[in-house]
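This report concerns only the one structure given below.
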Amino acid sequence: MQNFEQFLTEHLPTSKSIHPHYEAALQNMLVAGGKRFRPALLLGVVKAYNPLMLDSARHAAFAIELLHTYSLIHDDLPAMDDSPLRRGKPTLHVTFDEVTAILAGDALNTYSFEVLSNAPFSDTTRVKLIRELASNGGLNGMVLGQAIDCYFENKPLKVEDIKILHTNKTAKLIAASMKMGAIIVGREDVAQKLYDFGIKLGLLFQIQDDILDVTQSSEEAGKLTNNDEDKNSFVTILGLDESLNQANELADELTDEMLSFDGSLQSELSSLLTQYINRHK
């Protein structure tokens, strides 16, 4: 992922104007770091099937990271989570102001599609990638999940509804990252299988995140923790022990499913899961 970090640094959004800090706000949360889990998944799929396309694929991985970063900026706003910390840094509305944070998020959202539209692929591939990112990150994907999350704060949901919430809010963009990798290398025969795998992986990622919220300090996590008691998190509803059990079951299920993939993809996904997902004892 070192090459992706370099790519990101070299392609940061720029906007020269009379505004004193608009450009800095666009770049602030991108350079603050983060797991880069979604770009890693897309690039992992591409590397497994056609490593020669990695340079081109970084444009698509960057587009996903732009959209994801916008969602974090808006998620942290006073109207939503009102969080002071993200990626170990003060959130944008704290560093600058709420208006700047809203507009920077809006800009990164739309810029992600501008980046994809200019990516070095065929027109057909670009349209497919844009459709995938839009449908999973938009009104019936990530935004829907956030809407459900905010509306049902302080209103406990059933476990199956929590899974619907987090399938939309978190898992769909993770699944889209894997499917977009398959589209880039022309392996649409495995695209849906990777998408379905990504949905389960996204739910595991969310359960892990909920577990870390109650087991890590804000300093360790790089964001405000122990802040989900009013939210419909897996730990809030299931408790820590059952959440750990569900995480381990999902991890085992994903490990078994990986055996149905070909060797190079197994290898790439296995190293990513080892890096990003921890099995709990």
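Any read-out appearing in this document is the output of simple, stated calculations on the displayed coordinates, not a laboratory observation. Just so you know, these numbers come straight off a predicted model, no measurement behind them.
General observations
- Straight-line reach from LYS155: taking Cα to Cα under 21 Å and skipping same-chain neighbours fewer than 8 places apart, the lysines in range are LYS163, LYS169, LYS231.
- Gained length - PHE152 relative to SER122, 0.36 nm times residue gap less alpha-carbon distance: 6.6 nm
- Applying 0.36 nm per residue to the separation of ILE18 and ASN3 and subtracting their alpha-carbon distance, the gain on full extension is 2.1 nm.
- Per-residue Karplus couplings for the stretch 16-31, computed as 6.51 cos²θ - 1.76 cosθ + 1.60 with θ equal to phi - 60°, are listed in order as 8, 7, 7, 5, x, 9, 4, 4, 4, 5, 4, 8, 3, 6, 6, 7 Hz, Gly and Pro entered as x.
- Taking 0.36 nm per residue of sequence separation and removing the Cα-Cα distance, the ALA79/SER271 pair yields an extension gain of 65.3 nm.
- In order through the stretch 107-124: 3J(HN,Hα) via Karplus (6.51 cos²θ - 1.76 cosθ + 1.60), integer Hz, x for Gly, Pro: 5, 5, 4, 5, 5, 4, 7, 4, 4, 5, 5, 9, 5, x, 10, 5, 4, 4
- Rg to Rh, two decimals, where the chain supplies the alpha carbon set and Rh follows Kirkwood: 0.95
- Taking 27 Å as the straight-line reach from the Cα of LYS16, the lysines in range (excluding those fewer than 8 positions away in the same chain) are LYS89.
- Nonlocal amide H pairs with LEU85, under 5 Å, H built at 1.01 Å: THR91, LEU224
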